[in-house]
Amino acid sequence: MKLADNQITRVYHQEDIQQILQIAISRQAHEGEFTREQLIEIAAELEITPECLQAAEKEWLLQQTEAQKRQAFNTHRRRKLQKSFGNYAIINSFFLLLNFISAGELSWSLYIALFWGAWLALNAWNTYQTQGEEYEKAYRRWYRSRQIKQSVNSLLDRCLKAWQK
């Protein structure tokens, strides 16, 4: 704060202004959605050029698209982990039962359950890690394979449509 002529002048950093405006907009008695025209009006009042607003909007759309892709990847990983847990439970139940019926005690089946369980715990740990180099590598592999599948499906669809004509 600065004192000048018996008035207090506050000085804000850009991040502070963004946070204050975000809170004010969210508290405003509005239905929570704004039209593009309202966005343009707000930007004009804040002296944001149309070009800057358009670039910011494009960047925001790219960020939203990327966030959706990452959410789909995280969902894929969690489903894959759930499937692994199901397989673990079913197969190890079978081994434990087989071991108990055949030997009257649990022996070798415990080793399988233990080692597979350790592998599954590591897999679970990696599944819920959503940052870091390993996560990024896994995401890129998943995204590339997804793009390849989409390309192949698109090509097959075009070939089938051409063949049916």
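Just to be sure I understand the filter: pairs with C-beta atoms under 6 Å, separated by 6 or more residues or on different chains, first member in the range 124-136 and closer than 16 Å to Glu66 by Cα and among the acidic types (Asp, Glu), second member modelled with pLDDT under 95 and surrounded by 10 or more Cβ atoms within 10 Å (Cβ to Cβ). Which pairs pass?
Pairs that qualify, where the first residue is closer than 16 Å to Glu66 by Cα and among the acidic types (Asp, Glu) and the partner is modelled with pLDDT under 95 and surrounded by 10 or more Cβ atoms within 10 Å (Cβ to Cβ): there are none.
Report whether or not Phe73 is under 15 Å from the mean Cα position of the chain (by Cα), modelled with pLDDT of 95 or more, of a type in the set (Phe, Trp, Tyr) and surrounded by 14 or more Cβ atoms within 10 Å (Cβ to Cβ).
On the way: under 15 Å from the mean Cα position of the chain (by Cα): yes; modelled with pLDDT of 95 or more: yes; of a type in the set (Phe, Trp, Tyr): yes; surrounded by 14 or more Cβ atoms within 10 Å (Cβ to Cβ): yes.
So Phe73 fits the description; yes.
Looking only at the range 47-65, filter to residues that are closer than 18 Å to Gln14 by Cβ and surrounded by 11 or more Cβ atoms within 10 Å (Cβ to Cβ); which one of those is nearest to the chain's Cα centre (by Cα)? Spell out the reasoning first.
Kept after step one, since they are closer than 18 Å to Gln14 by Cβ, are these residues of the range 47-65: 47-49, 52-53, 55-56, 59-60.
Of the ones still in play, those that are also surrounded by 11 or more Cβ atoms within 10 Å (Cβ to Cβ) are 48, 52-53, 55-56.
Numbers: Ile48: 31, Cys52: 27, Leu53: 26, Ala55: 23, Ala56: 21 Å.
Within the range 47-65, the match that is nearest to the chain's Cα centre (by Cα) is Ala56.
Taking Leu97, is it out of contact with any helix residue (DSSP H, G or I) (no Cβ under 7 Å at 6 or more places or on another chain), at pLDDT 95 or above and not polar (S, T, N, Q)?
Numbers: out of contact with any helix residue (DSSP H, G or I) (no Cβ under 7 Å at 6 or more places or on another chain): yes; at pLDDT 95 or above: yes; not polar (S, T, N, Q): yes.
Spelling it out, Leu97 is indeed out of contact with any helix residue (DSSP H, G or I) (no Cβ under 7 Å at 6 or more places or on another chain), at pLDDT 95 or above and not polar (S, T, N, Q).
Check Ile40, Ile17 and return the single one that is surrounded by 10 or more Cβ atoms within 10 Å (Cβ to Cβ), at pLDDT below 85 and in a helix (DSSP H, G or I).
Values: Ile40 fails: at pLDDT below 85.
Being surrounded by 10 or more Cβ atoms within 10 Å (Cβ to Cβ), at pLDDT below 85 and in a helix (DSSP H, G or I) holds for just one of Ile40, Ile17, which is Ile17.
Is it the case, given these coordinates, that Arg78 is of a type in the set (D, E, K, R), more than 11 Å from the chain's Cα centre (by Cα) and surrounded by 13 or more Cβ atoms within 10 Å (Cβ to Cβ)?
Details: of a type in the set (D, E, K, R): yes; more than 11 Å from the chain's Cα centre (by Cα): yes; surrounded by 13 or more Cβ atoms within 10 Å (Cβ to Cβ): yes.
Spelling it out, Arg78 is indeed of a type in the set (D, E, K, R), more than 11 Å from the chain's Cα centre (by Cα) and surrounded by 13 or more Cβ atoms within 10 Å (Cβ to Cβ).
The values are calculated or read from the model by the stated rules, or taken from the named source; none is laboratory data. Source: prediction; values computed, not measured. Backbone-built Cβ (ideal geometry, glycine too); neighbour counts: all protein chains shown.
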